[in-house]
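Participant: Here you go, one structure.
The values are calculated or read from the model by the stated rules, or taken from the named source; none is laboratory data. A quick note: this is a predicted structure, and the numbers were derived from the prediction, not measured. Cβ sites come from the backbone with ideal geometry, for glycine too, and all protein chains shown count toward neighbours.
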Amino acid sequence: MIVDVHNHTPRHRVAPEQTTAALDSKWRPDKAASTVHTWDEHVRALECVDRAIVFNIASDPRGDVPDDGQLIYETPRVNNDTAAFVQAYPEKFIGFLTVHPFSPDALEEIERGTQDLGLRGIKLGPNYQNFDPLGPEAFAVFKRAEELGLPILFHQGTSPVRFADLDFAHPRHIDRVATAFPNLKMILAHMGHPWQTDCYVVIRKHPNVYADISANFYRPWSFYNAMRIATEWAVLEKLLFGSDYPIVSPQETMDALWRVNDPIAGTGLPPVPIDPLERILHRNSLELLGLE
């Protein structure tokens, strides 16, 4: 079984007559991508996987923060949209809710998202949402997630979005989160790029913390180094398959796994072993996250 743990819920059921969607070159260096897509487009792109986790990111309730990445959605619409999409394709998709820790009804929205909407985990983007992952508001969300057995997927690492605080998405902070909440299952997105080594020392240390490989392959030298360092730190078994659709398709991500050693062809540099990559692709992430 192939599970894609990293997908953004479609913004539109059907393509609107007018849309602000446009190809954007900020997200990946090899080609322009769009963050806006439809239900049908998502389903077609995910035909190559068996199950997938979908989510979006809740807006900051403290005021207007520019969203030049088209990633932020108003609550509660954000969770309603994810639930509607999952309910239309229940055998394919698993929905994660999202909240902003500074929202006065964050804990109530977690209850609504799980009890009323059937969502089964939480997506947070500390940089996009501009909150300190070590702050008391965030810890209240983590505590409730641990109590309810809800895995959390964190955006980790860089972003081209101008108003997203990079430090809030540094994987070193998750060490302290995992120490405080040892039973909370977490995924660190994007292997914390470009801080993959920092990500690896965290997932190596904490049994319930994993990382996904999404949005890395299109920087081939960085991807090779990241996977080689994962080999040397013995954390390839803690890596989960994820794509970051619609910015990256799962098929692109699958194909790139087998090209990981292309940058070192003809050199004496040590290759990334292929068998563990096959296990990443077929890892039962749902079982590891308690979602089966």
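Participant: Name the residues in region 128-158 that are surrounded by 21 or more Cβ atoms within 10 Å (Cβ to Cβ) and modelled with pLDDT under 95, would you?
Facilitator: Within region 128-158, Tyr128, Gln129 meet the criteria.
Participant: Could you please let me know if Lys238 is under 18 Å from Arg283 (Cβ atoms) and at pLDDT 95 or above?
Facilitator: Judged against the criteria, Lys238 is a match.
Participant: Also, I was wondering about something else. Output the number of the condition that Asp81 fails; it satisfies all remaining conditions of (1) part of a helix (DSSP H, G or I); (2) within 13 Å of Pro61 (Cβ to Cβ).
Facilitator: Condition (2) is where Asp81 drops out.
Participant: Okay, next question. Is it true that Asp244 is under 15 Å from the mean Cα position of the chain (by Cα) and modelled with pLDDT of 95 or more?
Facilitator: Taking the combined requirement at face value, the residue satisfies it.
Participant: Let me ask something else about it. Is there a residue in region 159-171 that is within 27 Å of Ser34 (Cα to Cα) and of a type in the set (Phe, Trp, Tyr)?
Facilitator: yes
Participant: If a residue must be part of a loop (DSSP other than H, G, I, E, B) and without any contact (Cβ under 8 Å) to a residue 40 or more places away in the chain, how many such residues does region 217-254 contain?
Facilitator: 3
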